[in-house]
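Here's the structure, in structure tokens; my notes come after.
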Amino acid sequence: MRVDPYNLPTMQDKYNHLEVERAAQAHWTARDAYRVVEDARKRKFYACSMLPYPSGKLHMGHVRNYTINDMLTRYLRMNGYNVLMPMGWDAFGLPAENAALKNGVPPAKWTYENIAYMKRQMQAMGLAIDWSREIASCDPSYYKWNQWMFLKMLDKGIAYRKTQVVNWDPVDQTVLANEQVIDGKGWRTGAVVEKREIPGYYLKITDYAEELLDHVQHKLPGWPERVKLMQENWIGRSEGVRFAFTHEIRGFDGQLIGDGRMYVFTTRADTIMGVTFCAVAPEHPLAAHAARTNARLAAFIEECKKGGTTEAELALRDKEGMPTGLVVFHPLTGEPVDVWVGNYVLMDYGDGAVMGVPGHDERDFAFALKYNLPIKQVVHVDGERYDYKHWQDWYADKERGVTINSDIYSGFTYGEAVRAVTHALEQKGLGEKKVTWRLRDWGISRQRYWGTPIPIIHCEVHGAVPVPEKDLPVVLPPDCVPDGSGNPLNRREDFLACACPVCGQPARRETDTMDTFVDSAWYFMRYCDAGNDRAMVGEGTRYWMPMDQYIGGIEHAILHLLYARFWTKVMRDLGLVRIDEPFTKLLTQGMVLNEAFSRTGEKAGKQYFWAHELDIVRDEHARVVSATARADGRPVTYEGWTTMSKSKNNGVDPQALIERYGADTARLYTMFTAPPEATLEWNDAALEGSYRFLRRVWNFGHKLAAMNGVATYVQRIGAAAGFGRQSKALRLEMHTVLRQVDYDYQRMQYNTVVSGAMKMLNALEDFKGAGEEGAGAALAEGFGILLRALYPATPHIAHELWQALGYVALHGELLDAPWPRVDEAALQQDEVELVLQVNGKHRGSVSVPASASREEIERLALASEAFAKHAPGAQPKKVIVVAGRLVNVVI
């Protein structure tokens, strides 16, 4: 394509997306168009997508996420903002180790090859990324600051060491993450997983629980309510009572276990008189004591320790228990209460023990029915009947309930009973009011290779010693190849051997690495100072943070966002940043779905089919009626719309899509088909429609180039009298739609932005005023508006047409061209068209001056050709005028 704006006839007549996109990208690269620098004279805007894991290929979720960010970036840049859109790689983690096990290559090699390939894919999408700020979390220049920050936290007491329970695979001799434990067995070996207690490092996120919760409620107005609720629930503030059941159980040393007290926490002190048993965690001291003389109980406890240890995983387990033979005493009545071991009780939550009130707790109710334990009703709701065999939701109703069967505490409301019981426990010295948190300190130690080395040296004399700052980073050997026999760092003497920083004697390095959530807890700040080798953050962070818009999947709504918020607050308290919260606005984009088809094989395994391998019958609403495999003619099962996945043979390769249709088509389709927050159901026909639309845009541009109208149109705009009737109507339509498109851009409703652009093209194509005064100028102005409206979504085609038609000579590069402004004069109508009805039936239309009086409208309606045609010679009985809409003549 020629870029000389006045040599218009040389423009290609057909849309060649490969050539168009190649030329546009070459132009932007030559200009270094997306490099961004801090500029105090401009309004800044920091828009960032969550950094991807370099798995090897982009998927359509990436395409959608990054296009949303790109549209925002380009729109704001045209509106005069200094916009930062960076990109990096969440490059540490387990998938790289799994790939190493499978392929026998170092995780570093696999990771960097994937980064290179995915970066080329992103560049092929035409994203406005400032690659000068690129980071990879596996680069020592990045993870050096993870280590530096860890040492600062260690110094402040925010980081600390304690024993932790881990999943141990006895065959592979390695620690497994919870997600690697399947049905109590190692995911790779199938060996029964053991629970082991080993030391590890934790971060005191609980010290920030109150502030984290308060800021969710008061400092995140730009976050979705759904995400804020998820954060609140995870932090989990509960007001209640911590109290003790006393006991006389002595250990083998003759001392009372726990000083003769077993503590529990409850938010339902009003139900304390309904306690019929207590349950303790398998790791509780009382459970361990009882198991020493009870082989069956010991075996049960060992069984409980298999599998995952998270609250979510335990919630899905069948609730199982076994009596210990021990009793504790009710704090108010003194009656003995049996102690059970329950597989649903977590040692890390509260004190590792719970009071069992089956009458008013659904979990306890099911447990009591299963093991034939007593159920006692102690709360009554008027009009309800208690059934000891079936749970009803009102049993747990504390709003309407009144206590019964509770001795002196009967007849109380929830609040009254809680206050009375709490006072009684306090008087006995057995309890007190307490606020508890579901949130637990963040364990960052991972007994795996591919992660940030924890900067600790173990000395036989001085114990765990921090690595001096001057010796950072502690570099991870990049050439290790995990083989399933444990952390390969334990066999790397060149890594392990070192000197104690205190005494200089031979010592050993820590081989644990950091949780990869550490890498993603602050990467967005490093983008702001990516080239700073002297400090973790600096002036760039002070300019760009807080981030104005964060974009990512709902799957990161809890842990990643919570850890990033915590890390920011610690950095603030260390004087590194001046902000409380990192993300001003958050958008969680919807998933990209596609139809999935499968067949259950003879060995019960599922076989998935690609849609092109099937003959699919659909009804008139395009819903699947049946599907058969072409290979054998046998039916397959339609599984409905599910997330795109390689394993389900329903993914779409973005690279193949770009090569066949172009990046602009892929971008346009993902933006047009659904609002950013909604799920997108893939539709090949709609994809073809997006491509056809871009061909129409190109064809219209070619037609306009032949008219040679662009070079002179600027002088004509604004002179309303210089436009004929059709040209005025076109300008009215274009500026009316532009107003809506601009509003939709501001609220990030990009699906309606695209539909607005389609309306603009329809108006341009339907223009019937060729030859009238100002026609060329109106068309050229309208197409210039369309190109700028489309540019954030389809930058390549818009850029090429902008250059070829000469708009660049009038407004400069499209990248920095001013966003089109609505011309209020164009919205002023000389005439309006009203619907004409005769006896309430539509019979045509009538044009009247915009300022016409009611009487003039009646006269023009009766004199119109449409009225004469449908009511020749008729005398009107009545004429009804609805201002701005219609005229109804009653005859």
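Is it true that residue 448 is basic (Lys, Arg), closer than 30 Å to residue 512 by Cβ and either surrounded by 16 or more Cβ atoms within 10 Å (Cβ to Cβ) or without any contact (Cβ under 8 Å) to a residue 40 or more places away in the chain (or both)? Spelling it out, residue 448 is indeed basic (Lys, Arg), closer than 30 Å to residue 512 by Cβ and either surrounded by 16 or more Cβ atoms within 10 Å (Cβ to Cβ) or without any contact (Cβ under 8 Å) to a residue 40 or more places away in the chain (or both).
Going by the conditions given, is residue 36 part of a loop (DSSP other than H, G, I, E, B) and either within 23 Å of residue 816 (Cα to Cα) or out of contact with any Gly (no Cβ under 9 Å at 6 or more places or on another chain) (or both)? Give the derivation first.
Values: part of a loop (DSSP other than H, G, I, E, B): yes; either within 23 Å of residue 816 (Cα to Cα) or out of contact with any Gly (no Cβ under 9 Å at 6 or more places or on another chain) (or both): yes.
Against the criterion (part of a loop (DSSP other than H, G, I, E, B) and either within 23 Å of residue 816 (Cα to Cα) or out of contact with any Gly (no Cβ under 9 Å at 6 or more places or on another chain) (or both)), residue 36 qualifies.
Looking for something assigned to a loop (DSSP other than H, G, I, E, B), on the phi < 0 side of the Ramachandran plot and among the acidic types (Asp, Glu) - is there at least one such residue anywhere in region 143-160?
From region 143-160, those assigned to a loop (DSSP other than H, G, I, E, B) are 157-158; that's our starting set.
Filter once more, so that each one left must be on the phi < 0 side of the Ramachandran plot: 158.
Subset that is among the acidic types (Asp, Glu): none.
Among the residues of region 143-160, not one is assigned to a loop (DSSP other than H, G, I, E, B), on the phi < 0 side of the Ramachandran plot and among the acidic types (Asp, Glu), which makes the answer no.
The number of residues in region 161-185 being under 26 Å from residue 560 (Cα atoms) and in a strand (DSSP E or B) comes to 13.
Can you find a residue in region 457-471 that is in contact with a Leu (Cβ under 8 Å, 6 or more places away or on another chain) and of a type in the set (A, V, I, L, M, F, W, C)?
Pass one, region 457-471, residues in contact with a Leu (Cβ under 8 Å, 6 or more places away or on another chain): 466-467, 469.
Add one more test, that the residue is of a type in the set (A, V, I, L, M, F, W, C), and what stays is 467.
The answer is yes, given that some residue of region 457-471 is in contact with a Leu (Cβ under 8 Å, 6 or more places away or on another chain) and of a type in the set (A, V, I, L, M, F, W, C).
Among the listed residues 494, 441, 483, which satisfies the condition of being within 24 Å of residue 152 (Cα to Cα) and not β-branched (Val, Ile, Thr)? Steps first, answer last, please.
Values: 494 fails: within 24 Å of residue 152 (Cα to Cα); 483 fails: within 24 Å of residue 152 (Cα to Cα).
Answer to the check: 441.
The residues of region 229-252 that are buried (at least 16 other Cβ atoms within 10 Å of the Cβ) and within 16 Å of residue 555 (Cβ to Cβ), listed by number, are 230, 231, 234. Does residue 864 meet the test of being of a type in the set (S, T, N, Q) and surrounded by fewer than 14 Cβ atoms within 10 Å (Cβ to Cβ)? The answer is no for residue 864.
Among the helices (runs of 4 or more DSSP H) lying completely within region 409-526, list those that include at least 1 residues that are of a type in the set (Gly, Ala, Ser), in contact with a strand residue (DSSP E or B) (Cβ under 9 Å, 6 or more places away or on another chain) and over 28 Å from residue 103 (Cβ atoms). Spell out the reasoning first.
Values: elements: 414-427, 493-496, 516-519, 523-526.
Here the list reads 414-427.
Assessment of region 645-665 against the conditions (in a helix (DSSP H, G or I), surrounded by 13 or more Cβ atoms within 10 Å (Cβ to Cβ), touching a Pro at 6+ places or on another chain (Cβ under 9 Å) and at pLDDT 95 or above) yields at least one matching residue. Scanning region 470-508 for residues that are among the charged types (D, E, K, R) and either more than 20 Å from residue 137 (Cβ to Cβ) or not assigned by TED's automatic domain parsing to the domain that holds residue 160 (or both) yields 470, 471, 483, 491, 492, 493, 494, 508. Of the residues making up region 86-130, those that are of a type in the set (Gly, Ala, Ser) and in a helix (DSSP H, G or I) are 96, 99, 100, 108, 116, 124.
Of all residues in region 186-207, which are under 21 Å from residue 440 (Cα atoms) and not in a strand (DSSP E or B)?
Correct list: 204, 205, 206, 207.
Checked against the criterion of being touching a Gly at 6+ places or on another chain (Cβ under 6 Å) and modelled with pLDDT of 95 or more, the candidates 697, 737 yield just one match: 737.
Across region 346-398, the number of residues qualifying as assigned to a loop (DSSP other than H, G, I, E, B) and either touching a residue at least 60 places away in the same chain (Cβ under 8 Å) or hydrophobic (A, V, I, L, M, F, W, C) (or both) comes to 21.
If the condition is being over 15 Å from residue 843 (Cα atoms), under 56 Å from the mean Cα position of the chain (by Cα) and not β-branched (Val, Ile, Thr), then region 853-891 contributes 883, 884.
Scanning region 491-541 for residues that are among the β-branched types (Val, Ile, Thr) and crowded, with 21+ Cβ neighbours inside 10 Å gives 511, 513, 516, 518, 541.
Just the residues that are small (Gly, Ala, Ser) and either within 17 Å of residue 157 (Cβ to Cβ) or in contact with an Asp or Glu (Cβ under 6 Å, 6 or more places away or on another chain) (or both), please, taken from region 189-218.
Of the residues in region 189-218, the ones small (Gly, Ala, Ser) are 190-191, 200, 209.
Listed by number, the residues that qualify are 191, 200, 209.
For residue 69, the conditions (1) of a type outside the set (A, V, I, L, M); (2) over 23 Å from residue 180 (Cβ atoms); (3) touching an Asp or Glu at 6+ places or on another chain (Cβ under 9 Å) all hold with the exception of (3). Among the residues of region 157-180, is there at least one that is more than 16 Å from residue 484 (Cα to Cα), at pLDDT 95 or above, among the charged types (D, E, K, R) and surrounded by fewer than 21 Cβ atoms within 10 Å (Cβ to Cβ)? Yes, that holds for at least one residue.
Go through region 562-597 and give me each residue that's of a type in the set (A, V, I, L, M, F, W, C), closer than 22 Å to residue 72 by Cβ and surrounded by 20 or more Cβ atoms within 10 Å (Cβ to Cβ).
Of the residues in region 562-597, the ones of a type in the set (A, V, I, L, M, F, W, C) are 562, 564, 566-567, 570-571, 574, 576-577, 579, 583, 586-587, 591-593, 596-597.
Filter once more, keeping what is closer than 22 Å to residue 72 by Cβ: 564, 579, 583, 586-587, 591-592.
If the condition is that a residue be of a type in the set (A, V, I, L, M, F, W, C), closer than 22 Å to residue 72 by Cβ and surrounded by 20 or more Cβ atoms within 10 Å (Cβ to Cβ), then 564, 583, 587, 592 are the ones that fit.
Scanning region 453-467 for residues that are more than 17 Å from residue 495 (Cβ to Cβ) and without any contact (Cβ under 8 Å) to a residue 60 or more places away in the chain returns 460, 461, 462, 463.
Applying the criterion of at least 3 residues that are crowded, with 22+ Cβ neighbours inside 10 Å to the helices (runs of 4 or more DSSP H) found wholly in region 770-816 leaves 775-790, 795-805.
Residue-wise test of (1) among the aliphatic types (A, V, I, L, M); (2) closer than 14 Å to residue 707 by Cα; (3) at pLDDT 95 or above; (4) out of contact with any helix residue (DSSP H, G or I) (no Cβ under 8 Å at 6 or more places or on another chain).
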residue: 747; (1), (2), (3), (4): no, no, yes, yes
residue: 752; (1), (2), (3), (4): no, no, yes, no
residue: 761; (1), (2), (3), (4): yes, no, yes, no
residue: 766; (1), (2), (3), (4): no, no, yes, yes
residue: 769; (1), (2), (3), (4): no, yes, no, no
residue: 776; (1), (2), (3), (4): no, yes, no, no
residue: 787; (1), (2), (3), (4): yes, no, yes, no
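Do the conditions hold for residue 352, that is, is it surrounded by 15 or more Cβ atoms within 10 Å (Cβ to Cβ), out of contact with any Cys (no Cβ under 6 Å at 6 or more places or on another chain) and small (Gly, Ala, Ser)? Steps first, answer last, please.
Working: surrounded by 15 or more Cβ atoms within 10 Å (Cβ to Cβ): yes; out of contact with any Cys (no Cβ under 6 Å at 6 or more places or on another chain): yes; small (Gly, Ala, Ser): yes.
So residue 352 passes the test.
Assessment of region 211-227 against the conditions (surrounded by fewer than 17 Cβ atoms within 10 Å (Cβ to Cβ) and either within 15 Å of residue 436 (Cβ to Cβ) or in the same structural domain as residue 167 (by TED's automatic domain parsing) (or both)) yields no matching residue. In the condition set (1) outside the structural domain of residue 472 (by TED's automatic domain parsing); (2) surrounded by fewer than 18 Cβ atoms within 10 Å (Cβ to Cβ); (3) acidic (Asp, Glu), residue 130 is compliant with all but (2).
Only one of the numbered conditions (1) crowded, with 24+ Cβ neighbours inside 10 Å; (2) in contact with a helix residue (DSSP H, G or I) (Cβ under 8 Å, 6 or more places away or on another chain); (3) within 30 Å of residue 681 (Cα to Cα) is not met by residue 57, and that is (1).
The values are calculated or read from the model by the stated rules, or taken from the named source; none is laboratory data. Because the structure is a prediction, the values reported are computed rather than measured. FYI the Cβ positions are ideal-geometry reconstructions off the backbone, even for glycines, and counts take in every protein chain you see.
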